[in-house]
Amino acid sequence: MTKTKIPSEPKHHFVPQFWIKQFRPINNPSIPENQKYHVYVLRDTASGIELKFEHTSGLMQVPHLYTIQPEGVANTDGETVYLNQVDNDGSKAFQAILDEDYSAAVRDALAEFFAVQFMRAPQTLSRHAPLSQDLASGIRLGLDAGSYNEFCQILQGILPTVPAFTEEEYQRIVEVSKNMSENERNKWEDELCKLLSVPGGNADIPFTDLLHDRSGLAPIKSVLLDMQWTLKKAESGDFILGDASLLTDKGDISSGIRIPFSMSQALYLTPAAAPTSLIETDIASANEVFSLNLESAARTRQWLIGSKQALEHRDIQHQFRSARPLTQP
């Protein structure tokens, strides 16, 4: 009897494998050739915290994370086409850093990649529906404003992190809605919310717009490039990487970002009045390495990877016990 082979679900990595591979053990003769793309990873299992040695393909991924299903037909272009290009460009920029190219061009390429990285994370995608509802409600309430400035104040009060609408956009909204009855406005809000929050995403609405049109990344990229970039090399010890790969203070990217880049390097983006266009270099003290590792362990959700010695540290494992669902901020 012939067994029917069940197709495996596509694994969509929200932290690309080329990044994860920067934390694999190298020059270790005890590791066989067929495990050269394995990394040490902490897992929270039923029997407690366990240190495993696993292939990068199964880490920091969610099946069908970027699959869209217009009319019920699965479309995986988000991963296989658009994000594949993002990751190819990102991989080249990472390699440039490893080759000690700290130019403005590499900095710009990394800013583009990191801007996408902020948007592709599971916790960001999971916030789409509730934020869509808030945005629709904010626009609806803003229609009762007497001026453009009042409209912006109302919307910012509901969604402080949403960039302000332009005055031209405000006028267009007013023009569309000015002859609507109260009932029609309520229905319009419902339709707007439905449009913004189609389950699973849709190629024609903002859920996937950033994959088709990179110009939408400009506000995030601009914030990144307005900061000073410093690549710090570990004086001693190894950096580790969690599945929350871009570390910020409560999601405020403008206050600074810390990024474990490889086992021996980390990027620090800090606010600066006059940042240089080049990536500066510096040495990370042992205390700085350990501090960033503690933050990675505390912020990660399911995976923590790095050197065996770093992951075996008692304090790192203690922080990792706070592991939580991928979609939780």
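The values are calculated or read from the model by the stated rules, or taken from the named source; none is laboratory data. Everything numeric in this text was worked out from a predicted model, so none of it was measured. Heads up, the Cβs are rebuilt from the backbone with ideal geometry, glycines too, and the neighbour counts pull from every protein chain shown.
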Item to complete: Could you please find all residues in the range 212-231 being in a strand (DSSP E or B) and either modelled with pLDDT under 90 or within 14 Å of S255 (Cα to Cα) (or both)?
Response: M227, Q228, W229
Discussion item. Can you find, within the range 13-57, the residue that is farthest from Q117 (Cα to Cα) among those that are among the charged types (D, E, K, R) and outside any helix (DSSP H, G or I)?
Written reply: E50
Discussion item. For the structure I just gave you, tell me whether T208 is surrounded by 16 or more Cβ atoms within 10 Å (Cβ to Cβ), at pLDDT 85 or above and not aliphatic (A, V, I, L, M).
Written reply: no
Item to complete: Could you list, in sequence order, all residues of the range 219-272 that are free of Cβ contacts under 8 Å to residues at least 24 places away in the same chain and among the small types (G, A, S)?
Response: S222, S255
Worksheet entry | Complete set of residues in the range 275-297 that are under 24 Å from the mean Cα position of the chain (by Cα) and among the acidic types (D, E) | E280, E288, E295
Worksheet entry | Complete set of residues in the range 37-84 that are modelled with pLDDT of 85 or more and farther than 22 Å from G242 by Cβ | none
